[in-house]
Amino acid sequence: MRPTYLEVNLPQLKQNFENIRAHVAPAKVLVVLKANAYGHGVDGVAPFIAPYADYIGVAIAEEGIHLRKLGIATPILVMGGTLLEQLPDFFEYDLTLAASSLDLLTAAEQLADSTRKSLKVHLKIDTGMERIGVREYEAEALIEKSLSCSHLEIEGIFTHFANSESMSLRGAIAPKQPPTSQGIASGENQVRPRNDMVEASLQLKRFQEVLSIYEKLGVPNPPIRHTANSGATLVMPESYYDMVRPGVLFYGVYPDRDIERTIEVKPALTWKSKVVFSKITQPGRGVSYGSLWQAEAPTRIVTVPCGYADGYFRRMTNQPQVVIHQKKYQQVGRICMDQFMVNVGDNDIKVGDDVTLLGNGITAENLADWAGTNEYEVMTNISARVPRVFVGAVQ
Ligand SMILES: *Cc1c(COP(=O)(O)O)cnc(C)c1O
């Protein structure tokens, strides 16, 4: 196996899951396993956690099919958008459909009728994300249609928060700003300032209005109502309903730096490598592509066999630190596709010495800052070329 690999601490994931479960009980927990289990390696994470999860969430049908082929029997909700031609897969692999439009719901019912097979469906309501789903002001037609779908099992109804990653302003009511004269021009600086909690509460209120349509029609709500992602799971207990959908939190990372840490979780990833080359570099000799960095005095430069093709972002160049023998050292010179260099000064670092890129005091937050992105992208970007090693699988 190559010396660059990702170690995944499965018992830590289980601990995170249990801490979340204890906090939200009696609500169920849907474990989000999309995007290769947030980069952790779904082939190892899924069989380990599936026996405990009430539900599994994935983004696309292919991820659900992959889980079924691994032998996972837990219910799987495909949370993203689905094309009509993908519907047969939902029947074949027993995937739960997020019915995000009247057309999709109607087509699913017709297919269920003609094939004499049943299908589990969760109605997807858009309360303020404007991504997929039926808006709360047009939900009545969807609900009425769903009540007439005798071949489908309408098991759930859900929505998704747009400001979930930064619900750190709880209680601080910011005044709403009037729209600017620029109107609806795009671009980050035209977006009006907002209070995340106020926005999330508004979404929840809209969701509640949708649920009240059932009362008006004199029928019960679908049994599994859910809205909460990691942010809401941490700070909005009123959003739990029957199930929560924590993604990043399950992986031990908080969705926002300042969010109240009401549930204790810890990261499960350690990204490891080994020094593959070690030498003294002389001043005046530029290191790596573009000669972006030069030593001012002779210094030891070691090479690590990991690069941007592994998900170690090229745009971090000259910023990251790595850990070797419990000490942090500076990455120097352009990060290459398959390798990068580290300045270890006059320390005697040898070929074969262990290097930690993430873990051991280097956090996903650190990497996100160096790369100018968020912790989600740091984790999901670690490429398939990096082997995943699962530790502690025996329970
Ligand atoms: C990805 C996703 C989640 C999990 O989001 P986190 O911020 O990682 O908790 C929950 N619900 C839906 C619909 C998602 O797509």
*Quick one: count up the residues across the stretch 13-48 that are β-branched (Val, Ile, Thr) and touching a helix residue (DSSP H, G or I) at 6+ places or on another chain (Cβ under 6 Å).*
4
*Give 302, 386, 323, 378 a once-over and let me know the one that is touching a Phe, Trp or Tyr at 6+ places or on another chain (Cβ under 9 Å), part of a strand (DSSP E or B) and either under 28 Å from residue 252 (Cα atoms) or of a type in the set (Asp, Glu) (or both).*
323
*Mind checking whether some residue in the stretch 141-157 is at pLDDT below 95 and over 23 Å from the mean Cα position of the chain (by Cα)?*
no
*Do we find that residue 349 is touching a residue at least 60 places away in the same chain (Cβ under 8 Å), under 15 Å from residue 299 (Cβ atoms) and in contact with a strand residue (DSSP E or B) (Cβ under 7 Å, 6 or more places away or on another chain) in this structure?*
yes
*All but one of (1) surrounded by fewer than 23 Cβ atoms within 10 Å (Cβ to Cβ); (2) part of a helix (DSSP H, G or I) hold for residue 90, so report the exception by its number.*
(1)
*Just for strands (runs of 3 or more DSSP E) wholly inside the stretch 5-65: which have at least 1 residues that are of a type outside the set (A, V, I, L, M), within 13 Å of the ligand (Cβ to nearest atom) and crowded, with 23+ Cβ neighbours inside 10 Å?*
55-58
*Starting from the stretch 225-236, take each residue that is over 14 Å from residue 256 (Cα atoms) and at pLDDT 95 or above and list its partners that are more than 8 Å from the ligand (Cβ to nearest atom) and charged (D, E, K, R), counting only C-beta distances under 7 angstrom and pairs at least six apart or across chains.*
225/242; 226/242
*Specify the residue that is surrounded by the most Cβ atoms within 10 Å (Cβ to Cβ); the eligible residues are those in the stretch 295-341 that are touching a strand residue (DSSP E or B) at 6+ places or on another chain (Cβ under 8 Å) and among the aromatic types (Phe, Trp, Tyr).*
312
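Might you let me know whether the stretch 271-281 holds any residue that is within 16 Å of the ligand (Cβ to nearest atom) and closer than 30 Å to residue 29 by Cα?
Here is the first cut: in the stretch 271-281, the ones within 16 Å of the ligand (Cβ to nearest atom) are none.
So far as the stretch 271-281 goes, no, none of its residues is within 16 Å of the ligand (Cβ to nearest atom) and closer than 30 Å to residue 29 by Cα.
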_Qualifying residue in the stretch 140-162 (condition: out of contact with any strand residue (DSSP E or B) (no Cβ under 8 Å at 6 or more places or on another chain), buried (at least 16 other Cβ atoms within 10 Å of the Cβ) and not in a helix (DSSP H, G or I))_ = yes
_Looking only at the stretch 274-294, filter to residues that are assigned to a strand (DSSP E or B) and touching a residue at least 40 places away in the same chain (Cβ under 8 Å); which one of those is surrounded by the most Cβ atoms within 10 Å (Cβ to Cβ)?_
287
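The values are calculated or read from the model by the stated rules, or taken from the named source; none is laboratory data. The model shown is predicted, which means the values in this text are computed figures rather than measured ones. Glycine gets a Cβ as well: all are built from the backbone with ideal geometry, and neighbour counts include every protein chain shown.
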